[in-house]
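Asks: Before anything else, here's the structure in question.
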Amino acid sequence: MARFLSLFLLVLGTLLGSSFSAGAATPASVVEATLACVGKPSCIIPVGPQVRKGTLANGLTYYIQRNPTPQRRIEMRLVVKAGSAMEDDDQIGLAHLLEHMAFNGSAHFKKNELVSYLQSIGLRFGADLNAYTSFNETVYMLPLPTTDPTEIAQGMTVLADWAGGLTLRDEDIDAERLIVLEEMRARKGVGERVRKQSMPFLLQGSRYVDRLPIGTETSIQGFKNEAVRRFYKEWYRPNLMAVIAVGDLDIDMMEQQIIARFSGLKNPENVREHALTRVTPHTNDAVLRLMDHELTQEILQVSLPVRVEDEDSTYGTYRDASKVNLFNAMLARRLENRSQESDSPFLGATASMGNAVQGYNVFSASVVAGRNGLKPGVDATFSVLNNVRDHGFHADELEQAKRNVLARMNNAHAEGDKTDSSAYAEEYTRSFLTQEAIPGIQAEWALLSAMFPTLTLEELNAYAKEVLPNPTTPIKVMYSNKSFKDAPT
């Protein structure tokens, strides 16, 4: 059940969740500056002292944090604000192929030398050394199992080569073309089949429909090699990049390494505009029926029109995200309580406001049919949603949700020195890509404590009435099963 629920959640993106900054003790000045933002929507929440954030003259951003867990290990990232949505018509699938090319030869590592070197210091390709390409970003992950200054310098050379030193020889591109085609064929499982049908349905009318990162067999077979080099030149530029280093490190030494390795990168003379793809909210009801012999559950998902999501480090955006988190938590508790009743008509049900694609949120609800079929589960799920929309949450539900958030914050603070460096690296990746605020654990605790009293039951109930489906809301319905017997209209 969880596997097939996750298929739909992967389509829509990960759900919004509380993300807590952590690290060293926060000076009173930062706490005071953070608290000064309360009640001021446009106030920028300051960056906390747990991380050193800087920008080189060429526009490259860097984040450095010392973290003791695990010992003698450093998590490095190269984050590029460029993915498949930036591809021209002759480049479909090439953002992803270019990610592959990062391991096929560069200024300091000939073909196969990079992987051999990294394996020699204890990294496993795929398990440790990895990368991913999405619509709007490409992220390279390099965990170094050492604090040897020589190996750290070599690791920075690897990141710098990825950023601006790939050789991209014709013979290597042609070889990788075949590997990506084989990857496509290997992916032809139920998840990929569902994704290829559901993404165009959910994001109809947007550029994303034609820019799935894997590309198409036609595009990968037929692209010209120069198109790969053009994407690299135009989009792998320092003002769209961040270098992240978190772990058992010397901050000053790491900063010097970043300055030395990346200051020489230059932006192209004619810089192309970088903008997120627009998504138009749907205005009519629509149904997509997915039939596949590998689907073992009968599932229905309802999605509402997308809503623009602000991306900045302001108090107003932070407060809005906190409101969404509380709303999602209370709604999840209502559905959980219904599922625990003896007559529960569904095997699983979820409902939340979550991320659709960067810059947009969407409310969606999913139901997995119980022993008596799909309709009783759908009826029960929407009975819960309608009850919240029409009558609201209770005061004790909101207070419990707030207590849970603050309890998690306490745990994050208490376990701060035990948190894996990779978690912080992911946090700074989000901060670079979406401007997520990173004030530090003490400042964030103070901010939430001061802000939560302003998030009233009346405001949460008004939000629920605004975002939950009503009889006039245009909906998109996805239905999946082995067959279309008794499929909903």
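Asks: Which of the GluC sites (Glu not before Pro) across the stretch 246-280 are loop residues per DSSP, with 12 or fewer other Cβ within 10 Å?
Replies: 269, 273
Asks: How high is the relative contact order of the chain? Use alpha-carbon pairs under 8 Å, at least six apart in sequence, and give a whole percent.
Replies: 27 percent
Asks: Which loop-located GluC sites (Glu not before Pro) does the stretch 343-432 contain, where loop means any DSSP state but H, G, I, E or B and the Cβ has at most 12 other Cβ atoms within 10 Å?
Replies: Here the sparse-neighbourhood loop sites are 415.
Asks: Determine the relative contact order of the stretch 70-164: mean sequence separation of Cα pairs under 8 Å and six or more apart, normalised by residue count, in whole percent.
Replies: Worked out over the stretch 70-164, it gives 41 percent.
Asks: Send over a whole-number figure in Å² for the accessible area per residue of the chain, probe 1.4 Å.
Replies: Using a 1.4 Å probe on heavy atoms only, each residue of the chain averages 44 Å².
Asks: Additional query: Summing Lys, Arg as +1 and Asp, Glu as -1, what charge do residues with Cβ under 12 Å from the Cβ of residue 402 carry, residue 402 excluded?
Replies: 0
Asks: Among rounded, prolate and oblate, which fits the stretch 438-486 when a ≥ b ≥ c are the square roots of the eigenvalues of its C-alpha gyration tensor, a/c under 1.5 means rounded, and a/b larger than b/c means prolate?
Replies: It comes out oblate by the Cα gyration axes.
Asks: In addition: Taking the Cβ of residue 212 as the centre, find all other residues whose Cβ is under 10 Å away and add up their charges (Lys, Arg: +1; Asp, Glu: -1).
Replies: +1
Asks: Above 20 angstrom, tally the Cα pairs of the stretch 307-455 and express them as a % of all pairs, no decimals.
Replies: 59 percent
Asks: Simple spin-label model, 7 Å along Cα-to-Cβ: residue 390 to residue 71 in nm?
Replies: Calculated label separation equals 6.2 nm.
Asks: Quick one: grab the alpha carbon gyration tensor of the stretch 219-291, order the square roots of its eigenvalues as a ≥ b ≥ c, and give me rounded if a/c is under 1.5, else prolate or oblate depending on whether a/b is larger than b/c.
Replies: prolate
Asks: Considering the convex hull of the alpha carbon atoms of the stretch 144-231, report its projected area averaged over all viewing directions, in nm², one decimal.
Replies: The number I arrive at for the stretch 144-231 is 8.6 nm².
Asks: Something else about it: Ranked highest first by average number of other Cβ atoms within 10 Å, how do 461-472, 98-109 line up?
Replies: The most tightly packed comes first, giving 98-109, 461-472.
Asks: Right, here's the next one. Return the ratio Rg/(2.2 N^0.38 Å) for the chain, where Rg is computed over Cα atoms only.
Replies: Here the Cα radius of gyration is 1.03 times the empirical estimate.
Asks: Be a star and scan the stretch 427-444 for residues whose amide nitrogen sits under 16 Å from the point 7 Å along the Cα-to-Cβ vector of residue 55.
Replies: Counting backbone N atoms under 16 Å from the label point, the list is 431-438.
Asks: Within the set of other residues whose C-beta is less than 13 Å from the C-beta of residue 272, count the net charge using Lys and Arg as +1 and Asp and Glu as -1.
Replies: Summing Lys/Arg as +1 and Asp/Glu as -1 gives -1.
Asks: Hey, another quick one. For the chain, what does the helix formula give at 222 nm: sum of -39500 (n - 2.57) over DSSP H segments with n ≥ 4, over the residue count, nearest 500 deg cm²/dmol?
Replies: The per-residue figure over the chain is -13500 deg cm²/dmol.
Asks: If packing is taken as the average number of other Cβ atoms within 10 Å across a peptide's residues, how do 281-293, 45-57 rank, most packed first?
Replies: Result, highest mean first: 45-57, 281-293.
Asks: Of all the accessible heavy-atom surface of the chain, with the other protein chains kept in place and a 1.4 Å probe, what percent is carbon and sulfur?
Replies: Roughly 51 percent, rounded to a whole number.
Asks: Can I ask one more? Leaving ligands and nucleic acids out of the surface, order 120, 303 by accessible area at 1.4 Å, largest first.
Replies: My answer, sorted largest first, is 120, 303.
Asks: Which entries in the list 81/476; 188/224; 375/482; 323/375; 40/323; 323/465 go over 21 Å, if you measure between the two C-alpha atoms of each?
Replies: Beyond 21 Å: 81/476; 188/224; 323/375.
Asks: Over the stretch 122-260, what relative contact order in percent results from Cα pairs under 8 Å that are six or more residues apart?
Replies: With pairs under 8 Å counted, the relative contact order is 26 percent.
Asks: For the stretch 120-174, with only Lys/Arg (+1) and Asp/Glu (-1) charged at the beta-carbon, what is the dipole magnitude about the Cα centre, in debye rounded to 20?
Replies: 200 debye
Asks: Separate question: Rg/Rh for the stretch 55-188: what does it come to with C-alpha atoms and Rh from Kirkwood?
Replies: Rounded to two decimals, Rg over Rh is 0.97.
The values are calculated or read from the model by the stated rules, or taken from the named source; none is laboratory data. The structure presented is a predicted model; accordingly, all values stated were derived computationally and were not measured. So basically every Cβ, Gly included, is an ideal-geometry build from the backbone, and we count neighbours across all protein chains shown. Heads up: the accessible areas ignore ligands, DNA and RNA and are worked out on the full protein's heavy atoms, side chains in. Shrake-Rupley method; radii C 1.70, N 1.55, O 1.52, S 1.80 Å.
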